[in-house]
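The values are calculated or read from the model by the stated rules, or taken from the named source; none is laboratory data. Everything numeric in this text was worked out from a predicted model, so none of it was measured. Because the Cβ atoms are built from the backbone with ideal geometry, glycine has one as well, and the counts that use them run over all protein chains shown.
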Amino acid sequence: MTVTHTDGFPVAPARAGALLIGMGERYDVQVTLGDGVFPLTALAEGKNATALALVRTGFGDPPTPAVRPAELNGALASYSALRAAPSARLPARTPDVTYRLRLTGGMARYDWGINGQAFDMSRPGALRFLLSQGQRVRVVFANTTTMYHPMHIHGHTFQLGPAGPRKDTVIVRPGQQVACDFDAANPGQWMTHCHNLYHVPQGGMMATLSYQT
């Protein structure tokens, strides 16, 4: 399998055996198959659940429903292994403003939020981060919870690191952080939120990126 795009943006072709995909993420891949019947398997991370499809290019016996392809234990198309194609890469630039958004909460109290605060739709300005048109903005998502959070920024696409993939949604693993750089070139009031619908709007893991005039 060769990864060619992330969230619609080209990357330098990268070989991999498996993908880790969060809600809202997209990948384009090219797969080379031999002759026969092959399993296409998806596992729910952290859960005892699988999905199985069959790809047929010829005759052969189908695998059992419990099959686990060896590729799932092989090379993972991690963010660090992907590089934005030159046409998709942001120009090198030092951020003008950096915001650190701590992803907070847990299952016990179901108190999902950002920086310890749940977003309140009746007071959208209470949890907002200000930026100005033309700035290079860095948003650092720091996950303090025990769950995966696919974080999405509306109205913009961002780059991971100086040459990492261009995306609009990124998984932030438990106890880790991800820095997302983008150019403020689309004035408005834009949401950034977890793409797990159980965490927003049912929860409060959401904030506003607000352009100033």
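Among the residues of segment 94-104, those identified as in a loop (DSSP other than H, G, I, E, B) and surrounded by 11 or more Cβ atoms within 10 Å (Cβ to Cβ) are P95, D96. Among the residues of segment 141-155, the one identified as among the β-branched types (V, I, T) and within 13 Å of the chain's Cα centre (by Cα) is I153. Pick from V31, V55: which is closer than 27 Å to P86 by Cα, of a type in the set (A, V, I, L, M) and surrounded by fewer than 15 Cβ atoms within 10 Å (Cβ to Cβ)? Within the list V31, V55, the selection yields V31. Suppose we filter segment 164-213 for residues that are hydrophobic (A, V, I, L, M, F, W, C) and over 25 Å from Q133 (Cβ atoms); how many remain? The number of residues fulfilling the criteria is 6.
Checking segment 59-74 against the condition returns no match, with no residue being outside any loop (DSSP other than H, G, I, E, B), hydrophobic (A, V, I, L, M, F, W, C), assigned by TED's automatic domain parsing to the domain that holds D168 and closer than 28 Å to A14 by Cβ.
Matching residues to (1) surrounded by 16 or more Cβ atoms within 10 Å (Cβ to Cβ); (2) among the small types (G, A, S):
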{"site": "L160", "(1), (2)": "yes, no"}
{"site": "G164", "(1), (2)": "yes, yes"}
{"site": "Q176", "(1), (2)": "no, no"}
{"site": "M206", "(1), (2)": "yes, no"}
{"site": "L209", "(1), (2)": "yes, no"}
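Selection of first residues in segment 132-154 that are assigned by TED's automatic domain parsing to the domain that holds G164 and of second residues that are of a type in the set (K, R), restricted to Cβ pairs under 7 Å at least 6 apart or on distinct chains, gives the following pairs, ordered by first then second residue: R136/R93; V140/R100; A142/R100; A142/R102; N143/R173; T144/R102; Y148/R173. Is there a residue in segment 126-136 that is assigned to a strand (DSSP E or B), under 27 Å from A44 (Cβ atoms) and in contact with a Phe, Trp or Tyr (Cβ under 9 Å, 6 or more places away or on another chain)? No, segment 126-136 contains no residue that is assigned to a strand (DSSP E or B), under 27 Å from A44 (Cβ atoms) and in contact with a Phe, Trp or Tyr (Cβ under 9 Å, 6 or more places away or on another chain). The residues of segment 25-55 that are under 18 Å from T169 (Cβ atoms), modelled with pLDDT of 95 or more and either touching a Pro at 6+ places or on another chain (Cβ under 9 Å) or part of a strand (DSSP E or B) (or both), listed by number, are E25, Y27, D28, V29. Among residues of segment 14-27 being surrounded by 14 or more Cβ atoms within 10 Å (Cβ to Cβ) and more than 14 Å from the chain's Cα centre (by Cα), the one that is farthest from Y148 (Cα to Cα) is A14.
Per the conditions (1) without any contact (Cβ under 8 Å) to a residue 12 or more places away in the chain; (2) farther than 16 Å from G164 by Cβ, the sole criterion not satisfied by P86 is (2).
Okay, residues lined up against (1) in contact with an Asp or Glu (Cβ under 8 Å, 6 or more places away or on another chain); (2) surrounded by 15 or more Cβ atoms within 10 Å (Cβ to Cβ):
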{"site": "P63", "(1), (2)": "no, yes"}
{"site": "A70", "(1), (2)": "no, no"}
{"site": "A75", "(1), (2)": "no, no"}
{"site": "L82", "(1), (2)": "no, yes"}
{"site": "A92", "(1), (2)": "no, no"}
{"site": "G106", "(1), (2)": "no, no"}
{"site": "Y110", "(1), (2)": "no, no"}
{"site": "A118", "(1), (2)": "yes, yes"}
